[in-house]
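Quick notes on the structure that follows.
Every number in this text was worked out from the coordinates using simple rules, so none of it is lab data. All values reported here derive from a predicted model rather than from experimental measurement. No Cβ is skipped: glycine too gets one built from the backbone with ideal geometry, and neighbour counts run over all protein chains shown.
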């Protein structure tokens with residue numbers, strides 16, 4: 001199974017739905033090709049019927065042929081799965097293996113899917129051929145209008161699903177870029193976060209200050225009880241406290257920090273002052289953010305006393321900082337109170353590096369750490385790396401959509417190419433007549449391509465409302481999110497259309513350039 005609870009069921013469901021989409025697209029391809037192949041074998045079927053072959057015999061032949069193709073495809077699928085599985089396991093921290101397919105429920109599901117695909121892909125084309133009179137089949141005058149409509153419907157379904165995946169890919173990528181680039185209210189590109197592990201927080205911080213003060217690359221240094229983002233130690237901590245203030249129950253997040261916290265992280269002070277070693281009473285003071293100030297209900301909260309703990313003196317507000325995202329962008333900024341408490345250990349050190357040579361400074365700091373604390377592993381990381389780790393699930397989902405969209409488009413294009421070949425063969429004489437009557441190559445190419453282009457555009461339009469609903473609901477899980485723009489739908493349509501036209505253009509040009517004498521020779 002999947003390791004830990006961090007893998008949301010949303011992504012498991014997404015994988016399942018996308019897998020069903022791709023299977024459906026492949027099945028539509030298979031059915032379309034089987035139908036086209038059946039009409040190419042019309043005379044063979046007519047001869048067999050003339051020689052006494054019954055309906056059940058012909059139906060059995062189609063089903064057996066289809067079953068063999070499905071069986072071979074299933075074997076190739078197992079082979080590809082065995083090759084892809086290690087990559088999947090690495091990305092999703094999973095312990096799945098092919099032996100899991102031997103579970104009775106999965107075996108029944110595979111058997112049911114196999115039989116269903118075999119039946120539909122084999123029975124439908126056989127039923128189409130058997131419903132026509134033998135004489136018409138032998139003459140090659142079978143009316144293919146109706147099955148042609150069915151093939152068009154299936155093609156539209158294929159490209160609707162493909163366009164849906166393209167839209168999902170574009171929106172997830174755009175949201176990822178928004179989260180990674182949105183200002184969070186603190187400096188994350190020049191600050192290194194170092195978990196202290198089993199070291200004593202206050203003592204370790206004092207030792208580091210003494211040992212590192214000679215490093216010219218370091219601009220400032222501080223500590224805190226909680227990290228920002230998700231560090232290399234894999235842990236994050238949130239502390240929430242509640243108290244009664246003027247008859248109202250207030251709740252605030254609490255972050256215990258050390259001196260120079262605001263300076264090191266570049267957090268903007270809006271009112272009041274920062275903690276200072278010049279004030280011995282600062283351990284009984286607190287700095288709050290804008291949300292906490294609004295919760296208190298005071299326009300100028302500096303100087304206000306807040307009774308954080310019963311039986312203890314209230315803490316005085318000495319400053320107000322601008323709201324910053326101390327949690328992921330899934331959540332709105334909440335009320336926050338920053339305090340200093342020498343009796344409680346700090347667990348993280350934050351080191352701000354001068355921007356001249358960040359990588360060299362990081363390596364130098366790592367070397368100095370091992371010199372100072374030889375028995376403690378250095379797990380430092382940049383804050384921008386910490387924030388990116390918070391969105392691993394979203395990055396996985398984006399990669400899933402990218403991969404599935406590529407696979408879906410590829411499968412759809414294979415089917416479209418095959419249908420284009422069949423359509424060009426069926427319209428060979430029409431093209432020959434048009435060329436004789438003076439039609440240009442460009443005009444014929446447009447004529448042969450426009451029907452497919454219309455179907456792809458129709459497929460895109462049908463995909464729009466579904467894609468909007470799916471991605472709108474997904475975006476609701478983020479407190480800070482992009483707005484779904486109309487250009488995403490336009491771009492996805494253009495991508496699908498250009499890929500489709502590129503797929504069929506070769507056959508269209510080939511048909512337009514063919515010698516009309518050859519196509520009209522038998523007329």
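Roughly how tilted is helix 9-40, in degrees to the nearest 10 and between 0 and 90, from the longest Cα axis of the chain?
That works out to roughly 10 degrees.
Using Cβ counts within 10 Å as a stand-in for footprinting exposure, how do 163, 172, 113 rank, fewest first?
So the residues, fewest neighbours to most, are 113, 172, 163.
Only Cα pairs under 8 Å and at least 6 apart count here; give the relative contact order of the range 156-303 as a rounded whole percent.
20 percent
Kirkwood hydrodynamic radius, computed over distinct alpha-carbon pairs, for the range 409-523: how many Å, to one decimal? Spell out each step's value before the answer.
Details: mean 1/r = 0.0611 Å⁻¹.
This gives a value of 16.4 Å.
Give the angle, between 0 and 90 degrees and rounded to the nearest 10, that separates the Cα long axis of helix 441-475 from the longest principal axis of the Cα atoms of the chain.
40 degrees
For the chain, what relative contact order do you get, as a whole percent, if you take Cα pairs closer than 8 Å and at least 6 residues apart?
Relative contact order comes out at 22 percent.
Could you line up 275, 373 from fewest to most neighbouring Cβ atoms inside 10 Å?
The fewest-first ordering by Cβ neighbours comes to 373, 275.
Rounded to the nearest Å, what's the spacing between the alpha carbon centres of the range 453-486 and the range 398-432? Just the number, please.
23 Å
Can you tell me the alpha carbon radius of gyration of the chain divided by the globular rule-of-thumb value 2.2 N^0.38 Å?
Normalised by 2.2 N^0.38 Å, the Cα Rg of the chain equals 1.41.
Using only Cα atoms, tell me the angle between helix 201-212 and the longest principal axis of the chain; keep it within 0 to 90° and round to the nearest 10.
90 degrees
Return the Rg/Rh ratio of the range 191-387 with Cα-based radii and a Kirkwood Rh.
Rg/Rh for the range 191-387 comes to 0.98.
Hey, what did the range 191-387 get for relative contact order, percent, Cα under 8 Å, at least 6 apart?
37 percent
Using the Cα atoms of the range 406-467 to build a convex hull, what is its mean projected area in square nanometres?
The orientation-averaged projected area of the Cα hull of the range 406-467 comes to 5.1 nm².
Above 18 angstrom, tally the Cα pairs of the range 327-468 and express them as a % of all pairs, no decimals. Display every interim value, and only then the final one.
Values: 7865 of 10011 pairs.
So the pairs more than 18 Å apart make up 79 percent of the total in the range 327-468.
I need 474, 369 ordered by Cβ neighbour count within 10 Å, fewest first.
Numbers: 474 18, 369 21.
Ordered by Cβ neighbours within 10 Å, fewest first: 474, 369.
Let me know the volume per residue of the alpha-carbon convex hull for the range 285-382, in Å³. List each step's numbers first, then the result.
Working: hull volume 16.5 nm³, N = 98.
Cα-based convex hull of the range 285-382, divided per residue, equals 168 Å³.
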